[in-house]
Amino acid sequence: MSEDKDITDFKSEIDRAYQNALHSEKGGDAKWKTFMQSYGAENLSEDETNMLLNSEMKITKGAYPLELRRVYEIIVRKYSAQNNEGLRNSADNFNMDDEIKKYYQKIKPFSGMGDIFSNASITMNKYSEGLQKSKHYTFKCKNCGAPRLEEMQYDNCLFCGSKLFENAN
């Protein structure tokens, strides 16, 4: 019985983090920052926040996906360390990338077909200048679709925090 309660607690804590992030103001408000601090999660720096506010990846409400990911990681680590096999399995099988992607779908602006083509023509030159002739492609995050913002960025997406490249191992 305790195992079921622990799994319910894990799911409840994940949902609480999601709801707090979703219902905060655009970019996260004081309540969200306090929530993050209660977990010991690192807030985005002022420079990171400004960069994201001015990036191509727009949001209409809520905390940034990267901040939610940081809270999720702490929750998953907390429950993965428990001496409860079912709970560890639930925590270890939590699909972080899918959950962050679902969250982003909720906070991004609605864009009709006109917006899609407009955005494509505007950003084409910014991210693919000089690449048409050599047939290179701009790398995008496999999870949220954000373009790689720096030429030498090889670790995690600056927008949602997922890995840009998987290990070959």
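So who's got an amide H within less than 5 Å of the one on SER24, skipping anything under 5 residues away but keeping other chains? H placed 1.01 Å off N, in plane.
Amide H to amide H, under 5 Å and 5 or more residues apart or across chains, SER24 pairs with GLY62, ALA63.
Out of residues 5 or more away from ASN156 or on other chains, whose amide H comes under 5 Å of its own, with H placed 1.01 Å from N in the peptide plane?
LEU164
Going by average Cβ neighbours within 10 Å, how do the peptides 68-76, 52-60, 15-23 rank, with the highest at the top? Numbers along the way, then the final one.
Values: 68-76: 21.0, 52-60: 14.6, 15-23: 17.0.
Result, highest mean first: 68-76, 15-23, 52-60.
Find, to one decimal place in angstroms, the Kirkwood hydrodynamic radius of the range 10-86, where the mean of 1/r is taken over every pair of different Cα atoms and then inverted. Working shown, then result.
Working: mean 1/r = 0.0763 Å⁻¹.
Radius from the Kirkwood sum: 13.1 Å.
Give the cross-link partners of LYS11 among the lysines, using a straight C-alpha distance below 17 Å as the criterion and excluding same-chain residues fewer than 8 apart.
Cross-link targets: LYS78, LYS102.
Read-outs: derived from the displayed coordinates by stated rules, not from any lab. The shown structure was predicted, so the numbers you read here are calculated from the model rather than taken from an experiment. Cβ coordinates were reconstructed from backbone atoms using ideal geometry, including for glycine residues, and neighbour counts include every protein chain displayed.
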